[in-house]
Each structure stands twice: as C-alpha cells, then as structure tokens.
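A quick write-up on the structure given underneath.
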Amino acid sequence: MSIVIKHANGWLLDSCSFVNQGVQSHVRLKGNGTNDSDMQDTFHEGDASVDCNPSKRRKRKHNQMNQGEIDSLAFHQKIRSAIAEGTKSLVAAGLSCGYLSDVKDENRPLPSQECNLAALCDMAKVLPLVADIDQDPVQFIRPEDGCSTTHLDLFTRITESCVDCAVEVTLMGEKYIVPPSCAFLLSDLTRVQPLVDYGKLFDLIVMDPPWENKSVKRSGRYSFLPSSQLKRLPIPLLASSGCMVVTWVTNKPSHLRFVREDLYPHWGVEVLAEWFWVKVTNSGEYVFPLDSPHKKPYEVLVLGRYRGSSDSSHSSPGSTEPLVEDHRIIVSVPSALHSHKPSLSEVLKPYLGTGAQCLELFARSLHPGWTSWGNEVVKFQHISYYTVEATDTPTDKPTAKDMGDPNDPPPEAAPLLPCTLSDT
C-alpha cells in the first residue's frame, strides 16, 4: 500500500508503491522518489530556470514586499504550526520504522523522453468529435488486442482498458504501460465533450490545474491555463451528488482565494477542508526550509463536496457523509518528475463509498480503475519510466474500481526484482 504511516495528523506516503501495485504483473516504475542528492539537483535546476539571468531582474529593497508576498507570509504564519507539528510526528514515525533513513541513495540517470502530446492534441482539433459523426464515444483495449492498438482514436473518444492487468501497448508509435481497468481521454479543454458523453457520474474528482505563475512563464516548462478558464470544466455534468472535489493549488494566495470563493461556488461545490502535501527528502528533512521566503516545502489541497441544485437529478438523499477533517498533512518524498503529485487514492478511501467512480483532470498518468483526462494524459505511462520484468507467479490484479474498506489488507504482489530510481 502507498500509506506507510497513518497518524492523527495525517499520512506518510510511499508515492511509488501505488503505481507499482497497479502494474505489478508486468512492470515496475523506475524509482520510489528522489534521494537527497537528486532532490538537490532537481530543485537547483528548477531554480536556475526561474532565475536564469538574475542580473536583469529588477532589484528591490530587502524590506520591500508587494501585496502578494504580504498575503503569502500571512497565510504561511497561519498554517505553519499545523505543518510543523504534523510533519515532525510523521517523519519521526517514518524514521522509527525504517522507511526514512539518513543513508543517501546513489545518483541514477533520469528518463529524458520528449513529450509531444500537447502539440498532438492541438493538431487533432481538426478531427470531428464522435458525437458529430454518430460513433460510439468509447473504444476498448481488449485482451485479444495484445500490443496492436494502432487503430485507436485517442483524441476524440474515451479509451477504456478491458484488461484486468497492466499491458504494454503501442500508441502513436510509442510504447506505453496501461494499468488495469482504466479509461482516459487525450485532449485539451476545448475538446472535453467526449468525457461528458462517456455517461459516467464520478464520486471523486481530483484536479491539478496548470496554474499561471511567473516561474512557469519564464521557464516555458508547460502551458498554463488562466484561472478564469477553469470555470469551463463541466464539473456539474460529471459529478454525482456528494462527489468529493479535490484541487491541488499553488502557494499563491490569489489562486487559493479563487478556488474557495469563486471556482467552487461557481460549480456548486462546498468547501470542506484544506490539506497540505509536505515534501521531504529520504532523510526526513524539508526539501526547502519551512520558512524560506522563496519556495515552500508544501502545497495546498482544497477539498469540497458537490452539492449542485436541490432539484438535481444527481441527488441521492439520505446518504451519510464522513467528516472531512481540516489541516491534515500528507508527507512524502516527492518524485523527481516535475509536478508529479502523490496518488490520493488510498488516502481518500475512508471518505468515499464502496464502488466509487474516480476521475482525474489535467492528469499526466493513469491509475487502475480511474478515468483520466488531460492533454498529456499518458505522459508518465511511457515505457521509458518503467522497468519491465517477467514474472511466473500469477496474482489477482487489483482493479481499484471498488475503493473498498480502508482496513482491507493489500493484495499480495508477485515477486519482483528491486526497482531503481529513474523519475525526472
């Protein structure tokens, strides 16, 4: 399981184990995070991309703060105690059980796969949607297909795997690992309609929007989306009554206010709680000083529930919703893959019903049993991020369609060779 430690303050996660569990019959992800050296290299490179030419930047007096910085400091001071106390207890437990250690891993090369999926999505806008040509909105990867999937239309139809284990398939001339019983759509916001036509209502919607900020603009690492455009997401058409909506938010106060005061009310989502993902090294240290004025070692998640209108056809009166506690802490060693978040699947199990349907928006990877959408939705499923290993031991493969009882024991995994770090 991805949960290493469950504590009153939150959870310590092994971000890679959930991925490995989903593909255990076929492959293993190259790595379970970053080691201390990798973390230094990764974030140093990120800093360089932001401050690539500091001599040309406008100099300010050291005591001069703009309103955004003042707001950021006030927010940090408000949540600092909860983050510090929760992280301290979870890291102590991780060191005690041996999951976290002062021993540094050796540096390992990282995959350098060039991703052109967003550009392909842009070119595919000339293709007619299946609704316009009276075709089935869903296409299937079936066991008998093997690796032959060149016929699939990834840009205008939902692709659903009917295979109960992970499979290696060829998509657009490249090899990808598709987890069991998942579905996905490769498109941008202008072509999200096939997801609505899919006909499913989801009980959990997780999204990690490409927030607009100065760092992204300067680095050119990925295309950002203006906050106002997020309102175009058809959440009311995708959410079941009481659907939990979880949004990853940057530490920019204006983004947080937008989600809480504008975006969620626009969709009919009630704000329930704020959680914090705290990033630590393998030795349990913050990846950046907690009080750093530039980069913080945490990110925010805003949790809410879709309420909709009182006469909504999605409504299911009489259901009892578990209480969602505020200021819970998720601690993990982050992947070296840029902006790759830990899976929330097991953490959110206690807050969902049995058989929950789960959707990730702006996804760049796939999860067993989940539906995923984004213009780089299979990016981290590329074969270069995995180590393919043969195994002769049959196992029952988890589909993750049934979120199940959080107290159920994890399924037994097939024997696997030790994995090595290769996240980017």
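The values are calculated or read from the model by the stated rules, or taken from the named source; none is laboratory data. None of the values given here were measured: they were computed from a predicted structure. For the accessible areas, the whole protein counts, side chains as well, though only heavy atoms, and no ligand, DNA or RNA atoms are used. Shrake-Rupley method; radii C 1.70, N 1.55, O 1.52, S 1.80 Å.
Anything over 21 Å Cα to Cα? Flag those among K6/K252; K6/K295; K78/K252; K296/K341; K231/K252, in the order listed. Write out the running numbers ahead of the final one.
Details: K6/K252 29 Å; K6/K295 27 Å; K78/K252 14 Å; K296/K341 15 Å; K231/K252 19 Å.
From the list (K6/K252; K6/K295; K78/K252; K296/K341; K231/K252), the Cα-Cα distance tops 21 Å for K6/K252; K6/K295.
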Ordering H7, H367, H340, H294 by the accessible surface of their heavy atoms, 1.4 Å probe, largest first, yields H294, H7, H340, H367
For region 185-307, the percent of accessible surface on carbon and sulfur atoms (probe 1.4 angstrom, ligands and nucleic acids excluded) is 49
